[in-house]
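Scroll down for the structure; my scribbles are underneath it.
The values are calculated or read from the model by the stated rules, or taken from the named source; none is laboratory data. What you see is a predicted model, and the numbers here were worked out from it, not measured in a lab. Backbone-built Cβ (ideal geometry, glycine too); neighbour counts: all protein chains shown.
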Amino acid sequence: MSDWFAIDQIDKDTYIISEYKHWEETHAYLLNGTESSLLIDTGLGIMNIYNEVIKLTGKPITAVTTHVHWDHIGGLRYFPKFYVHKDEVNWLSGEFPLTLEQVRVSVVERCELPKEFDINDYSIFQGTATRVLKDNDTIDIGGRLIQVLHTPGHSPGHMCFYEKDKRYLFTGDLVYKDTLFAYYPSTDPQAYLHSIERIAKLKVNRVFPAHHDLNIEPSIIEDMRQAFHQLKEEGKLHHGSGVFHYGDFSIWV
């Protein structure tokens, strides 16, 4: 039995499902409501995340992806009901911005793969979402209401998910401790700044990133806002400027 996934509990109805043996250290989040469960991101698809999810809920499960990058949609194949932002629907129908070979290299890069995993069988998920999301939509799972925030920059249809009652913010690849990627063609550094500005206005008690260190304070959002503004003022907030370091995070534009 593989120990690929690590499970942590946030509260009695919220769990983190992590893939620490891969260099990207991805995190998916399971939110259990009274009527159904919501899985935010589905990881790399190296192992079957569904087998872990059903240990934590007996309710109907909907998956939603913060954005359609390979390390977030890998497990969508196990969930017939899933949501995606309207600006990335086409990425699930053969217009993914990376080649299969590029993705396969990233899958095996700097990680401890399970013995039962065969990279030759790995593919980029394609499918049709059961719901297409837009900014300020809500997802009601019974007793828990999740707000959709369209936060482009890292990708055109990137979303954060905000649970106002708990002041939980699930930030995907917009906010985490490490290098923030805004350098490749499908990114938009200016939009990234606007998205950071938007979430900086929210009342947030806990920040839950999609990668790396889970010990992350809400104050990092303001630090990032200031860093992006500094780059803009210096005329560096555009592709090709380089990598800029700010303590717990870096910005690559």
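Set side by side, the residues L56, L30 differ, and just one is closer than 24 Å to H158 by Cβ and touching a Phe, Trp or Tyr at 6+ places or on another chain (Cβ under 9 Å), which is L30.
Checked against (1) more than 25 Å from F96 (Cβ to Cβ); (2) not in a loop (DSSP other than H, G, I, E, B); (3) not charged (D, E, K, R), Y192 meets all criteria but (1). Checked against the criterion of being within 21 Å of I139 (Cβ to Cβ) and either more than 15 Å from the chain's Cα centre (by Cα) or modelled with pLDDT of 95 or more (or both), segment 90-108 has at least one qualifying residue. Candidates G172, G143, G153: the one that is on the phi > 0 side of the Ramachandran plot and touching a Phe, Trp or Tyr at 6+ places or on another chain (Cβ under 6 Å) is G153. Just checking, does segment 80-100 include any residue being over 23 Å from L202 (Cβ atoms), in contact with a helix residue (DSSP H, G or I) (Cβ under 6 Å, 6 or more places away or on another chain) and not in a strand (DSSP E or B)? Looking for residues that are over 23 Å from L202 (Cβ atoms), in contact with a helix residue (DSSP H, G or I) (Cβ under 6 Å, 6 or more places away or on another chain) and not in a strand (DSSP E or B), one finds none in segment 80-100, hence no. Just one residue in the set G33, G43, G75 is touching a strand residue (DSSP E or B) at 6+ places or on another chain (Cβ under 9 Å) and at positive phi; that residue is G43. The set of residues from segment 218-252 being within 21 Å of V148 (Cα to Cα) and of a type in the set (D, E, K, R) comprises E222, R225.
Among the residues making up segment 30-50, those that are buried (at least 22 other Cβ atoms within 10 Å of the Cβ) and within 19 Å of K115 (Cβ to Cβ) are G43, L44, G45, I46, I49.
Residues in segment 18-71 that are aromatic (F, W, Y) and in contact with a helix residue (DSSP H, G or I) (Cβ under 8 Å, 6 or more places away or on another chain) were compared, and the one that is farthest from S123 (Cα to Cα) is Y50. The set of residues in segment 173-189 being part of a strand (DSSP E or B) and surrounded by 20 or more Cβ atoms within 10 Å (Cβ to Cβ) consists of L180 alone. Restricting attention to segment 126-146, the residues that are surrounded by fewer than 20 Cβ atoms within 10 Å (Cβ to Cβ) and of a type in the set (A, V, I, L, M, F, W, C) total 2. When L113, L149 are checked against the criterion of being outside any strand (DSSP E or B) and crowded, with 16+ Cβ neighbours inside 10 Å, a single residue qualifies: L113. The set of residues in segment 137-161 that are free of Cβ contacts under 8 Å to residues at least 12 places away in the same chain and either under 15 Å from Y29 (Cα atoms) or of a type outside the set (V, I, T) (or both) contains only D137.
On the stretch given as segment 158-172, residues that are part of a loop (DSSP other than H, G, I, E, B) and surrounded by fewer than 24 Cβ atoms within 10 Å (Cβ to Cβ) total 4. Checking each residue in segment 83-105 for being of a type in the set (G, A, S) and touching a residue at least 40 places away in the same chain (Cβ under 8 Å) picks out no residue at all.
Take the conditions (1) at pLDDT 95 or above; (2) in contact with a helix residue (DSSP H, G or I) (Cβ under 9 Å, 6 or more places away or on another chain); (3) of a type outside the set (A, V, I, L, M); (4) over 16 Å from E24 (Cβ atoms); K164 misses just one of them, which is (2).
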